[in-house]
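What follows is a short report on a single structure.
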Amino acid sequence: MSNKGRQCVRYLFLKLRPGWRDLEASVQARHKEEFASGVKRFHGRLILRPYSLVGTRGDCDMLLWQVTEDLETLQAVETAIFSTGLGAYLDIAYSYLGLTKQSEYEFPPLGEDDRDETIITPSDEKYLFVYPFIKKREWYSLPFEERQAAMTDHVRIGREYPEIRINTTYSFGLDDQEFVVAFEGDSPSRFLDLVMELRSSPASAYTEQDIPVFTCVQMSLWDVLDSLGGASPGARAALVETDSEGFIRAGTLADLPPGAKKRVYLGTEAVALFNVDGAFHAVSDRCSHGRASLSEGRVDPDSCILECPWHGGKFELASGAPAGGPPQRGIRVFRAKVEGEYVLVG
């Protein structure tokens, strides 16, 4: 399917059935690992950002924000999700589909901050506020000049809140709504103030529907899965034997050849383990910049520099110090050693 440079965007909201929490901890842990592995197979084929809604809504628990070039990839992702053990306990609470498109309205340029509206580039803001949107039919019967003036005022208000980024996708003919809007920001208070101010703009008078509204908290996929409850990192660690020095068996040498990487749990800590030309390195799995899972990152074997999979941040594996890109803070370093055929982390 060709979109001539546009992107397909889907907001998939999932709800966990309560019965999953009655399963044995070992089964829950296996389900989470299987789910994450299934999603990970699509790296390189789409942008996928996970968010938790635990504590912000009662009718859904997680969001998978997906951006790709074709609808078929979105189908494949959902098939992979519902083919896992955890998928058998998940229901689709809401689903919104759209395409990116250049706006028909013209606005004063922002300069270097102007973005191509046909390309979604998720940022590292902690929160995502999502809702479907429908305009009243009367809006489209207004003269274009009148609509342009109303939208210019609408955008003027939005630009008074530069820390809030908006992503607009078009759903006409593809889904029930006309648009899906998603705001990224680090402050729910600022977003609330923005929405209250937008309510009084002329364009808002032509809003037919802009609910339900979802407040989503960005996390790595592993942390989103752990937010569902069940086997916590600590509970999973209890399933693994720990020696007197606090080391756990992370795997065997056969399982972790040079170039291999793995996420393991040490107590309540998620740890990213890497085999770099036979030398093992273990660091905190969470990036200090954008909450990405570093066990999904790439290591340069020559420099022993780890690159974050989200924003290209770099860290020294030996020290955890930032070595380039956005991160300003380092990451924690853990001990790693080999005993016999086993690799241990402590």
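Each value in this text was obtained by applying a stated rule to the coordinates, not by laboratory testing. The shown structure was predicted, so the numbers you read here are calculated from the model rather than taken from an experiment. Every residue, glycine as well, gets a Cβ built from its backbone with ideal geometry; the counts of neighbours run over all protein chains shown.
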Applying the selection to segment 124-147, what residues are within 19 Å of the chain's Cα centre (by Cα) and β-branched (Val, Ile, Thr)? VAL130
Regarding ALA150, is this residue more than 22 Å from the chain's Cα centre (by Cα), without any contact (Cβ under 8 Å) to a residue 12 or more places away in the chain and either in a loop (DSSP other than H, G, I, E, B) or farther than 30 Å from LEU46 by Cα (or both)? no
Residue by residue through segment 251-300, note down the ones that are part of a loop (DSSP other than H, G, I, E, B) and farther than 18 Å from ARG332 by Cβ. LEU253, ALA254, ASP255, LEU256, PRO257, PRO258, GLY259, ALA260, ASP277, GLY278
Looking at ILE81, is it under 20 Å from PHE13 (Cβ atoms) and among the hydrophobic types (A, V, I, L, M, F, W, C)? yes
Checking TRP310 against (1) surrounded by fewer than 18 Cβ atoms within 10 Å (Cβ to Cβ); (2) out of contact with any strand residue (DSSP E or B) (no Cβ under 7 Å at 6 or more places or on another chain), the condition it does not meet: (1)
Taking GLU163 as the residue in question, decide whether it is surrounded by fewer than 15 Cβ atoms within 10 Å (Cβ to Cβ), more than 21 Å from GLN102 (Cβ to Cβ), of a type outside the set (Lys, Arg) and over 21 Å from the mean Cα position of the chain (by Cα). no
So which residues in segment 166-225 are among the aromatic types (Phe, Trp, Tyr) and farther than 15 Å from MET151 by Cβ? PHE172, PHE183, PHE191, PHE214, TRP222
Where PRO326 falls short, out of the listed (1) assigned to a strand (DSSP E or B); (2) in contact (Cβ under 8 Å) with a residue 60 or more places away in the chain: (1)
